[in-house]
1. Compute the FRET efficiency between THR53 and THR83 as 1/(1 + (r/R0)^6), taking r as their Cβ-Cβ distance and R0 = 22 Å, and round to the nearest 0.05.
2. Pull out the extension gain between GLU31 and ALA75, defined as 0.36 nm times the separation in residues minus the alpha carbon to alpha carbon distance; nm, one decimal.
3. Please list, in chain and number order, the residues 5+ apart from LEU33 or on another chain whose amide H is under 5 Å from its amide H, with Hs placed from the backbone.
4. So if I place +1 on the C-beta of Lys and Arg and -1 on the C-beta of Asp and Glu, and nothing else carries charge, what would the dipole magnitude of the range 3-118 be about its Cα centre? I want it in debye, nearest 20.
5. With a cut-off of at most 15 other beta carbons within 10 Å, and DSSP calling the residue loop, which trypsin sites (Lys or Arg not before Pro) in the range 1-88 qualify? Please list them.
6. Which of the three applies to the range 1-75, rounded, prolate or oblate, going by the alpha-carbon gyration tensor with a ≥ b ≥ c and a/c under 1.5 meaning rounded?
7. What chymotrypsin sites (Phe, Trp or Tyr not before Pro) does the range 18-88 have in DSSP loop regions with at most 16 other beta carbons within 10 Å?
Amino acid sequence: MNELGIVFFGTAAGFALAGLLASAYRLVAGEPLEFALKAGDPGAAFLGILLRTAAGPVLLLRWALGQVQSGRPEAALCLGAVTLACMWGFLSGVIVIETMAGFTSGSGTNAASAIATSIQLGR
């Protein structure tokens with residue numbers, strides 16, 4: 001399996017998780033998810049931090065898109081946000097794949113072999 005394919009698959013899994021969580025939040029709360037936390041009890045704040053940690057790549061990309069649409073994008077800042085979102089998405093995707101591989105195999109397989117197996121099964 002090509003290493004670049006593993007990176008793309010991991011990044012896609014991370015973005016899928018982030019998009020799913022951000023969309024579910026918008027469906028339930030009726031407003032888009034933002035990095036800012038609302039004042040409330042500590043339990044809700046802790047869950048909010050976990051949610052924003054998992055949905056962070058989508059939040060960064062939404063911010064960068066808003067900068068471009070407003071007509072005031074700084075190229076370096078938007079490129080940095082997109083790069084950070086891709087790396088964040090990859091790391092989230094590796095966690096998701098590792099978790100799913102642990103549920104299915106029962107033994108300690110790593111993310112690379114789990115991704116390679118799932119791509120080979122899709123062919």
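No lab work stands behind these numbers, since they all come straight from the coordinates. Note that the structure is predicted; figures quoted are calculated from it, not measured. Glycine gets a Cβ as well: all are built from the backbone with ideal geometry, and neighbour counts include every protein chain shown.
1. Numbers: r = 18 Å, r/R0 = 0.83.
The calculated FRET efficiency here is 0.75.
2. On the way: separation 44, 0.36 × 44 = 15.84 nm, distance 2.81 nm.
In short, 13.0 nm is gained.
3. Residues meeting the criterion, in which the H sits 1.01 Å from N, are ARG26.
4. On the way: 5 positive and 6 negative charges, 42 e Å.
Dipole magnitude for the range 3-118 comes out near 200 debye.
5. Values: sites: ARG26, LYS38, ARG52, ARG62; in loops: LYS38.
Counting only loop positions with at most 15 other Cβ atoms within 10 Å, the trypsin sites (Lys or Arg not before Pro) in the range 1-88 are LYS38.
6. Details: a/c = 2.32, a/b = 1.28, b/c = 1.81.
Oblate is the answer for the range 1-75, as a/c is 1.5 or above yet b/c matches or exceeds a/b.
7. On the way: sites: TYR25, PHE35, PHE46, TRP63, TRP88; in loops: PHE35.
Here the chymotrypsin sites (Phe, Trp or Tyr not before Pro) that fit, given the DSSP loop and packing criteria, are PHE35.
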